[in-house]
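Only one structure is covered here, and it is reproduced in the block below.
Laboratory data are not the source of any read-out in this text; all were calculated from the coordinates shown. These numbers come from a predicted model, not from an experiment. Positions of Cβ are backbone-derived with ideal geometry, glycine not excepted, and every protein chain shown enters the neighbour counts.
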Amino acid sequence: MYYNEMFDGEKVREAYTSLSDWVDHMPSEIRQMKQAEAEALFRRIGITFAVYGEGGDPDRLIPFDMMPRVFTQREWLRLERGIKQRAKALNAFLRDVYGRGEIVRAGRIPARLVYQNEAYEKAVVGFVPPRGVYSHIIGIDLVRTGRDEFFVLEDNCRTPSGVSYMLENREIMMRMFPDLFRGNRIEPVDGYPDLLRRTLESVAPAKCQGRPRVVILTPGHFNSAYYEHSFLANLMGVELVEGADLFVEGEFVYMRTTEGPKRVDVIYRRLDDAFIDPLCFRRDSMLGVPGLMDVYRSGGVSICSAPGAGVADDKAIYTFVPEMVRFYLGEEPILKNVDTWTLWKQDDYKYVMDNLADLVVKEVHGSGGYGMLVGPRSTKKQIEEFRKLIEKNPSNYIAQPTLSLSTCPTFVDEGIAPRHVDLRPFCLCGERIELVPGGLTRVALKEGSLVVNSSQGGGVKDTWVLSE
Amino acid sequence: MRLKITHHTVYNYANPVRFGVQSLRTTPSVFQGQKVLDWKIDIEGAECGPGFRDGAGDWVQLWTIHGPIQQIPVRIEGQVETTDLAGVLRGHREVINPLVYLQTTDATEPDDALRDLAASVGQDLGKLDLAHELSRKVGEAIKYQSGVTSLTTTAAEALAIGAGVCQDHAQVLITVARERGLPARYVSGYLHADAEGNVHEAAHAWAELHVEGLGWVGFDAANGTCPSEYYVRTGSGLDARDAAPVRGVTIMGGAEKLDVAVAVEQVAP
């Protein structure tokens, strides 16, 4: 019933032929030793994940599974085309709805969903950022249900995180099992930081002269993704700054340094819209830079992702992404959406309420596996509690069928067993649209669990794309 | 009518300000009812940064202030030729979809009393009549009285008090209009105080409601009228805070005290 990515019955699939041998010849004491080694390495480099609202150890390690997840070149090429197509359509949509709104005029997306969306940013209407790109790093969450069946679960157009795990997982695998990488032809992922930097530099504002100065703006060390912010700054060779390190003067933004102020051209912000400029958005924000939006709007600095990019990735707009692909690109979508019921429609509402036990229900603006109901894995009591939440505010929810997520072999206490996985590739949009082969594979470590979020007991795997 | 506006503000700080940023929306809008003859903004000791016209058609100008400075004088002066268009904002270039102005904000969140007020107006009226009727009702519900509300008073609070100033009239009208499905926004500007002998301050605020076929139409519930040649429009927003003519922050400085003098006079062409 679930698609097993390694086994077709008794037969090992093409992608996993060499790994099968590797697993069969690994004695369990070696495996345990290696697993301990991997954990020690992760601790030493300091890659931990703070989980919101769960208490306990804030520097908990995200569990790493040594069994890689593998795609053949043929499988990847199709995914890559689908992801790039989707990224292109999402940016075309953003450019459109902050301009003339042709897709709304054409009646292909309801105006209400766009213009009354809380992520729609009035302050940037009419402004076209460099190269017309609004979302520069798009994390597209994919699940697989069959050999050629891939579905997009959600798009992340604001500040998707997790790419540091993609890089670290590879690093650690190569360190622990160099022979594996000699014996297999695996596409490298370590070009990502360079590619990211080139992408960011390619969207420098017109007023920038010479090589653009890029910085990463972080909310600070208490943020759960702070490790990733500093990791990426380090690998790209750019400064990691907080709001207080930047200031606006005249027509530009400057960074305070020990050698005096330095002009900043591109800000890769890992901070929500609401916090980037207290003059424009939340006035109580201590994390942002006063006046930043005025400099941005007048072309003195680029902000990645662009303020307002979030209107493309909420779960209500999600249902229209295939329509965007058709409307802007004149193509059929390569990647499919999951069927989605929107609870503000009466028929959908009735169907969902009658079938809560079989469905997954999510908040329109939720993320991280919070505020959701997985019907088949919930108790009657949990379902009834969630029903009350939906009744209070139906338009805040969407529902989807429980998907048969594919499984990958995963090391467990008893040896090796199938566990459900998803995939988040990171697509970069600047002068070109590019992505490194692979992405972050998350795995639900609990037997039978379909929730892969690290905050809900998920782990990660190295993701391989085999060369031809 | 030719109006001369003099708007002087002096910001006094308890301690010297080290650094400050001000974003100003104090330049008259460009539309058929207004022609800007000259307009000057000067902030002593400040550097004029970038300026741009935003999606709502407002001119935004950024200033940065270098300290140490304990007093920041802001001088805004100019002349505008105005024409009465019965409140219609004709020929105003803007790109924001009117539906955006159905979004509510903290200050314009409806409560039961506001919903009741919105519902008290006839259900069978045309959009324009509905707008006029709502404006009239708001004028009745809120007595003009200064000192009973503040800059942070919400629409719901103002209606509960039953009194307030132009900001409160505008925010209450915006809230009830949105409740009835009419996009509505807050407008800030100036009012020639001699108009019909009213006593309001020269720095004024009113509401604009979007009426299909006509576009944006101004309603001054505080004065029971639509903006005429006595009015000068400078900027708009979802509520008073969003439409604020001046937004700024200063580093250090401590307690802030403002001295404001605004005059709107009629001058001979």
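Which of the listed residues, B:209, B:152, B:118, is farthest toward the dipole's positive end in region B:82-237, when Lys, Arg count +1 and Asp, Glu count -1 at the beta-carbon?
Positive-end residue among those listed: B:209.
For a distance above 27 Å, tell me the whole-number percent of Cα pairs in region B:82-237 that qualify.
15
Suppose only helical runs count, i.e. DSSP H with n ≥ 4. What mean residue ellipticity at 222 nm does that imply for chain A under -39500 (n - 2.57) per run, divided by all residues and rounded to the nearest 500 deg cm²/dmol?
-8500 deg cm²/dmol
Would you compute, from DSSP H runs of 4+ residues alone, the mean residue ellipticity of chain B at 222 nm, taking -39500 (n - 2.57) per run and dividing by the full residue count, rounded to the nearest 500?
-5000 deg cm²/dmol
What's the exposure ranking of A:96, A:155, going from fewest to most Cβ atoms within 10 Å?
Listing A:96, A:155 from fewest to most nearby Cβ atoms yields A:96, A:155.
No solvent, one uniform scatterer per C-alpha: report log10 I(q)/I(0) for region A:225-356 via the Debye equation at q = 0.09, 0.15, 0.17, 0.18 1/Å, two decimals.
-0.44, -0.86, -0.96, -1.01
If you count, for each residue, the other Cβ atoms within 10 Å and average over each peptide, how do A:441-451, B:102-112, A:158-168, A:292-302 line up from highest to lowest?
Taking the mean over residues of other Cβ atoms within 10 Å, the ranking is A:292-302, A:158-168, A:441-451, B:102-112.
Taking the Cα centre of chain B as the origin, how large is its charge dipole in debye, to the nearest 20, when only Lys and Arg (+1) and Asp and Glu (-1) carry charge on their Cβ atoms?
Dipole size: approximately 520 debye.
Name the trypsin sites (Lys or Arg not before Pro) in region A:346-397 that are in a loop by DSSP and that have at most 12 other C-beta atoms within 10 Å, would you?
Answer by residue number: there is no such site.
Using a ≥ b ≥ c from the Cα gyration tensor of region A:225-292 (square roots of the eigenvalues), is it rounded, prolate or oblate, where a/c under 1.5 gives rounded and otherwise the larger of a/b and b/c decides, a/b for prolate?
Oblate is the answer for region A:225-292, as a/c is 1.5 or above yet b/c matches or exceeds a/b.
Summing Lys, Arg as +1 and Asp, Glu as -1, what charge do residues with Cβ under 12 Å from the Cβ of residue A:349 carry, residue A:349 excluded?
-1
Most exposed first by the Cβ proxy, i.e. fewest other Cβ within 10 Å, how do A:141, B:54, B:38 rank?
B:38, A:141, B:54
Using a cut-off of 10 Å between beta-carbons, work out the net charge of the residues near residue A:252 (Lys and Arg +1, Asp and Glu -1, residue A:252 not included).
Net charge around residue A:252: -1.
Taking the beta-carbon count within 10 Å as an exposure proxy, list A:221, A:136, B:66, B:210 from fewest neighbours to most.
The fewest-first ordering by Cβ neighbours comes to A:221, B:66, B:210, A:136.
Do any trypsin sites (Lys or Arg not before Pro) in region B:68-167 lie in a DSSP loop with no more than 16 other beta carbon atoms within 10 Å, and if so, which?
B:90, B:93
Quick one: putting +1 on the C-beta of Lys and Arg, -1 on the C-beta of Asp and Glu, what dipole do you get for the protein assembly as shown around its Cα centre, in Debye to the nearest 20?
1020
Taking every pair of alpha-carbon atoms in the protein assembly as shown, what share in percent sits in each 20 Å bin, from 0 to the bin with the longest distance?
15, 44, 30, 10, 1
Explain nothing, just the number: dipole magnitude of region A:339-401 about its Cα centre with +1 on each Lys and Arg Cβ and -1 on each Asp and Glu Cβ, in debye rounded to the nearest 20.
The calculation lands at about 220 debye.
Would you please name the chymotrypsin sites (Phe, Trp or Tyr not before Pro) within region A:362-452 that are DSSP coil residues with at most 16 other C-beta atoms within 10 Å of their C-beta?
Here the chymotrypsin sites (Phe, Trp or Tyr not before Pro) that fit, given the DSSP loop and packing criteria, are A:370.
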